[in-house]
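Everything on this sheet refers to the single structure shown next.
Read the figures in this text as sums done on the coordinates, not as results from a lab. Keep in mind that what you see is a predicted model, and the values were worked out from it rather than measured. All Cβ positions, glycine included, derive from the backbone under ideal geometry; neighbour counts span all protein chains shown.
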Amino acid sequence: DGGITQSPKYLFRKEGQNVTLSCEQNLNHDAMYWYRQDPGQGLRLIYYSQIVNDFQKGDIAEGYSVSREKKESFPLTVTSAQKNPTAFYLCASSLHIRREEKLFFGSGTQLSVL
Amino acid sequence: SQELEQSPQSLIVQEGKNLTINCTSSKTLYGLYWYKQKYGEGLIFLMMLQKGGEEKSHEKITAKLDEKKQQSSLHITASQPSHAGIYLCGVGTSGGGADGLTFGKGTHLIIQP
């Protein structure tokens, strides 16, 4: 079955540590996205990529980095510069069709600070 | 960026009752998306509305987009425990490019037996 796989489901970060969240899709979608979800704040866009080897900052990119070396993969690194990393992280993908932006989501990764 | 306001923030409904969730924007909605999320899980797509006055239904859930394309409502008939979760509305950009959806803060729905 096609879909989006995020791993791990739960992740713990120590002070000063970088951690990487994995996102893989086999839907053959061009575009991929990372959102952060905090209680009471809805989803906020961190980074997105419309094509391989290209990505753009979203609304809250500071303290995060991404890469898009393959169409199927869009890993997110939470760096030590992100002072409040505890949140639920969601990866999504979509077909890059004008005026059709239906997103397909993974099951999320809960990141907590030790 | 376009902001979406959802109301109510939370809703407790007795099983079997009907309910409505609203999503309002100050700007024209170029594509309005409704998603449902179980706690600690990803978002599941429900429906997309594009045209003013458009209405779509899926099982016991009906979504409408008003004529002015600035407000959408989600109506659940005869609610069941399986309807519990967070409902989020999202809007695409006016340019139609694949640069993500902007979401409202969500409505938490609890179904009481």
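A few remarks follow.
- Normalised by residue number, the volume inside the convex hull of the Cα atoms of the stretch A:63-114 is 108 Å³ per residue.
- Full-extension gain in nm, A:K71 to A:I51, via 0.36 nm per residue minus C-alpha separation: 6.5 nm
- With each label modelled as a point 7 angstrom along the Cα→C-beta vector, the B:S57-A:T5 pair spans 4.0 nm.
- Global dimensions of chain B from alpha-carbon coordinates: Rg and Dmax equal 13.5, 44 Å.
- Compactness relative to 2.2 N^0.38 Å, alpha carbon Rg of the stretch A:37-80: 1.22
- Taking the DSSP bridge list for the protein assembly as shown and keeping only pairs wholly inside it, about 90 percent are antiparallel.
- Most tightly packed first, judged by the mean number of other beta-carbon atoms within 10 Å of their residues, the peptides B:46-57, A:46-57 read A:46-57, B:46-57.
- Kirkwood estimate for the stretch B:8-61, i.e. one over the average of 1/r between Cα atoms, Å: 13.5
- Descending Cα extents along the principal axes, the stretch A:1-109, whole Å: 40, 25, 24
- Reduced Cα scattering model of the protein assembly as shown, Debye log10 I(q)/I(0), q = 0.15, 0.18 Å⁻¹: -0.99, -1.33
- Pairs of Cα atoms nearer than 8 Å and 6+ residues apart set the relative contact order; for chain A it is 35 percent.
- Simple label model, 7 Å out from Cα along Cβ direction - B:I44 to A:Q17, nm: 3.4
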